[in-house]
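Reviewing the structure listed below.
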Amino acid sequence: MLSATIGRVPKFALFVALALTFIIVIHISSFPSLSKWKLPVLGGQQPQITTATEDASQESPQKASQEPSPDLSAIPCQSLKGGEDVLVVMRTGATEIKDKLPAHLNTTFQCYPHLVIFSDFAEDFHGREVHDVLRDIPDEIKSKNDDFKHYLHVQEAGRQNLNDDELSGKISAESGPVGKSDNAGWRLDKWKFLPMINRTLEMYPDKKWYVFVEPDTYLVWSNLLQWLPKLKPDKPLYYGSEVMIGDDVFAHGGSAFVMSKPAMEKGAEIYNEKVNELHDFTAGHWAGDCVLGKALHDAGVDLTWSWPQFQGGNPSFSMGWTDHKTDHVLWCTPAISYHHLTPYEVRDFWQFEQTWIRSVLAKQKHNRERGLPFRFWGDDMTNVLHHRDTFKLYVMPNITQERNHWNNTPEVPAPDTQGITLEDCRERCEENDDCLQYALGPDGCSTGREPRMGQEDETTTAGWMPERIEEWVKDLDHCWNKDGWAVT
């Protein structure tokens, strides 16, 4: 009886019903609560993963992209195609590798078919080979330049024997006007960029694309694999979030940057031709990503400005969701990277991205089984994770109620509010129509006009105005003809 009834329903109505069902499933499902916050599910089941405290040396499962049909029970990112010609280059250091790299071992590193790790100390780290990128710097520089005192100390003592006060910890603080000049590991880091280009090309000369990241960078792998086919790998291309020091324009290193093989070749060539000159330039500078950008410019490879795809902000607490520049609106643009994520946030966001990929693959399977047109790597931008999706699906589910021991860092402190109650602080926010969040800490009440998830803070209680935030989102959701890639 049911089948006969369905047979009389117009095909279009049936398709609409199925589509609506799929959308409802996406928006109302949710993961069980995690220890610090919950994550929404976009479709399917939670990916089965191991934590970074478990056996980090195990080999990643066979890539599902090698199979004729994706296995949705596996880690979703392994079902994606297009990574065969991409090398991910992780740049780290002895002072941070212990605290920051383990978060990647059983998360992001499981997605990359090709990966190389560079540091200032060669070692085997949980089964991953870590290369000393400064190995070939002349001994004369190492012995005379104060930046290398830390390097020589690490070589002698061993990374495992560094004192706790020599380590950078799990939290990545924002750089000051001239970087983190009080941090020995950070001062040494500027020397890694040019040798890194050289060594990478020597070790992996046959890739089309080279993607450079740091341990507190989150690379949205599923988006990267959809964006790169739009570009021309046979041209000398250099992409990233644009930064300027003086007259030098370069890609911000922490936000990730991408280079084609011809760009790598030009970078390695000028480094080898002008090695002494470039070492002198590096010694007098403080930012290695700027040193690289200047060398590439002199070699004829200028940066293609790629903000806001590449982001220096953390989606939990430091994103300018309303930012825009020329024709590019952050809210409407696909996400390639985020920066300053803690190890916990790396694991969290990786899990979030896996649910996104799973939902798209499930939609692909659904349409394929019904003979409907659909290509994951096509021009359908609904398959691409935009910054707005990050806010709606990652941030919003976690800012629905007040939270103790939490700080959402509102930007406007209210004077003379020390000692007031949380209710009083909330009322101050309610009285201001533009207020979307508030927090009460030792210094009193603060309010904010842009919502942030925030981070743990034992001294503070945070709250939000969910109904106002929903209206704020509606006001931003005008992305018609603005939701494409920032650059192609």
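Throughout, read-outs are computed from the coordinates displayed, never taken from laboratory work. Just so it is clear, the model here is predicted, and its values are computed rather than measured. Methodologically, a virtual Cβ is constructed for each residue, glycine included, from the backbone with ideal geometry; neighbour enumeration extends over all protein chains shown.
Given the Cα-Cα distance of Gln401 and Asp165 and 0.36 nm per residue of separation, how much length would full extension add, in nm?
Working: separation 236, 0.36 × 236 = 84.96 nm, distance 3.73 nm.
Extra length available between Gln401 and Asp165 comes to 81.2 nm.
If amide hydrogens are placed 1.01 Å from N in the peptide plane, which non-local residues have theirs closer than 5 Å to the one on Gly169?
Amide H neighbours of Gly169, under 5 Å, 5+ apart: none.
Determine the dipole magnitude for the stretch 64-338: charges of +1 sit on the beta-carbon of Lys and Arg, -1 on that of Asp and Glu, nothing else is charged, the reference point is the Cα centre, and the result goes in debye to the nearest 20. Write down the numbers at each step before the final one.
On the way: 26 positive and 41 negative charges, 116 e Å.
About 560 debye.
Going by average Cβ density within 10 Å per residue, which order do the peptides 186-193, 403-410 take, highest to lowest?
In decreasing order of mean packing, 186-193, 403-410 become 186-193, 403-410.
Would you kindly state how much longer the chain becomes between Asp298 and Asn276 on full extension, computed as 0.36 nm times their sequence separation minus their alpha carbon distance, in nm to one decimal? Mind showing how you got there, number by number?
On the way: separation 22, 0.36 × 22 = 7.92 nm, distance 1.51 nm.
Residue separation times 0.36 nm, minus the Cα-Cα distance, leaves 6.4 nm.
Between Asp443 and Arg368, how many nm apart are label points set 7 Å from Cα along the C-beta direction?
Computed distance between label sites Asp443 and Arg368 equals 5.4 nm.
Just subtract the alpha-carbon distance of Glu450 and Asp483 from 0.36 nm times their residue separation and send over the number in nm, one decimal. Intermediate values should be presented prior to the final figure.
Working: separation 33, 0.36 × 33 = 11.88 nm, distance 2.12 nm.
Extra length available between Glu450 and Asp483 comes to 9.8 nm.
Can you check what the net charge comes to around Phe212, using other residues whose Cβ is under 11 Å from the Cβ of Phe212 (Lys, Arg +1; Asp, Glu -1)?
Net charge around Phe212: 0.
Taking 7 Å along the Cα-to-C-beta vector as the label spot, tell me the Glu423-His324 distance in nanometres, rounded to one decimal.
4.2 nm
Got a sec to turn the phi values of the stretch 428-441 into Karplus ³J(HN,Hα) couplings, 6.51 cos²θ - 1.76 cosθ + 1.60 with θ = phi - 60°, whole Hz, x for Gly and Pro?
The phi angles translate into 4, 5, 4, 6, 9, 4, 8, 6, 10, 7, 8, 8, 10, x Hz.
Using 30 Å as the Cα-Cα cut-off, could you pick out the over-long pairs in Lys261/Lys365; Lys207/Lys294; Lys325/Lys392; Lys100/Lys142; Lys98/Lys232? Walk me through the numbers before you get to the answer.
Numbers: Lys261/Lys365 34 Å; Lys207/Lys294 23 Å; Lys325/Lys392 22 Å; Lys100/Lys142 26 Å; Lys98/Lys232 37 Å.
Pairs exceeding 30 Å: Lys261/Lys365; Lys98/Lys232.
With the dipole of the stretch 399-476 worked out from charges on the C-beta (+1 for Lys and Arg, -1 for Asp and Glu) around the Cα centre, which of Thr400, Pro413, Gly441 lies farthest toward the positive end?
Ranked along the dipole, the leading option is Thr400.
Once the Cα gyration tensor of the stretch 399-476 is diagonalised, what are the square roots of 5 times its eigenvalues, in whole Å and ordered largest first, as equivalent ellipsoid semi-axes?
Ellipsoid half-lengths, sorted descending, are 19, 14, 10 Å.
Taking H placed 1.01 Å from N in the peptide plane, check which residues at least 5 places from Phe257 or on another chain put their amide H under 5 Å from its amide H.
Phe212
Put a dot 7 Å past each Cα toward the Cβ at Glu269 and Lys81; how far apart are the dots in nm?
Simple spin-label model gives 3.4 nm for this pair.
Can you give me the convex hull volume of the Cα atoms of the stretch 64-338, divided per residue and expressed in Å³?
Numbers: hull volume 40.0 nm³, N = 275.
Per-residue hull volume (Cα only) is 146 Å³.
Under 1.5 on a/c is rounded, so check that first for the stretch 346-488, then, if it is not, pick prolate when a/b is larger than b/c and oblate when it is not; a ≥ b ≥ c are the square roots of the alpha carbon gyration tensor eigenvalues. Intermediate results must be reported in sequence, preceding the final value.
On the way: a/c = 3.23, a/b = 2.37, b/c = 1.36.
It is prolate, given that a/c is not under 1.5 and a/b is the larger ratio.
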